[in-house]
1. Can you give the net charge of the other residues whose Cβ lies under 15 Å from the Cβ of GLN3, counting K and R as +1 and D and E as -1?
2. VAL70: accessible area at probe 1.4 Å, nearest 10 Å²?
3. Per residue, how big is the convex hull of the range 51-119 when only Cα atoms are used? Give it in Å³.
4. For each pair in LYS68/LYS111; LYS18/LYS111; LYS5/LYS66; LYS66/LYS111; LYS5/LYS37; LYS30/LYS111, compute the distance between the two Cα atoms and list the pairs where it is over 20 Å.
5. Return the long-range amide H neighbours of ILE23 (sequence gap of 5 or more, or a different chain), with a cut-off of under 5 Å between placed amide H atoms.
6. Order MET1, MET83 by their accessible area, 1.4 angstrom probe, all chains in place, largest first.
7. From largest to smallest, what semi-axes in whole angstrom does the range 1-56 give when each is the square root of 5 times an eigenvalue of its alpha carbon gyration tensor?
8. More than 23 Å apart: what percent of Cα pairs in the chain qualify?
Amino acid sequence: MEQTKALVKTITEGIQEKKGSNIVIADLTKIDGTICKYFIICQGNSPSQVEAITESVGDFARNQLKEKPVHVVGLENAQWVAMDYTDVLVHIFLPDVRDYYDLEHLWEDAKLTFIPDLD
């Protein structure tokens, strides 16, 4: 579990490195039947920023923890990229796509942690 928490922290740092905003960490560990332990949800303001955040997350996880995602989908149009680290799923959205899918409320039983944006 400590490795998973370290991964959550490292992914968050990778998002912040590229000015990803509105970061929410959903702790799913106390919910039965979930596909992972944590969701990390954030957004970028353009497809190029979504791509940059995705690359930064991958670099931070690989360089600091020797972790690589099992799958990365959505880079073709970079409106919603999902990175699967098995116990942690990272969702990087454009703002309107994030509003449409509203994942935070889909998992409203989860403990949500809101990370303040860096200035």
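The values are calculated or read from the model by the stated rules, or taken from the named source; none is laboratory data. Remember, predicted model here, so these are calculated numbers, not experimental data. So basically every Cβ, Gly included, is an ideal-geometry build from the backbone, and we count neighbours across all protein chains shown. When the accessible area is computed, the model is the full protein with side chains, heavy atoms only, and any ligands, DNA or RNA have been set aside. Shrake-Rupley method; radii C 1.70, N 1.55, O 1.52, S 1.80 Å.
1. Working: positive: LYS5, LYS9, LYS37, ARG62, LYS66, LYS68; negative: GLU2, GLU67, ASP87.
Combined, the nearby Lys, Arg, Asp and Glu give +3.
2. Counting only protein heavy atoms, the figure is 90 Å².
3. Working: hull volume 8.5 nm³, N = 69.
Dividing the Cα hull volume of the range 51-119 by its residue count gives 123 Å³.
4. On the way: LYS68/LYS111 26 Å; LYS18/LYS111 25 Å; LYS5/LYS66 14 Å; LYS66/LYS111 27 Å; LYS5/LYS37 10 Å; LYS30/LYS111 9 Å.
Pairs exceeding 20 Å: LYS68/LYS111; LYS18/LYS111; LYS66/LYS111.
5. Under 5 Å from the amide H of ILE23: ILE115.
6. On the way: MET1 100, MET83 5 Å².
Result of the area sort, largest leading: MET1, MET83.
7. Working: eigenvalues 107, 31, 14 Å².
After scaling each eigenvalue by five and taking roots: 23, 12, 8 Å.
8. 21 percent
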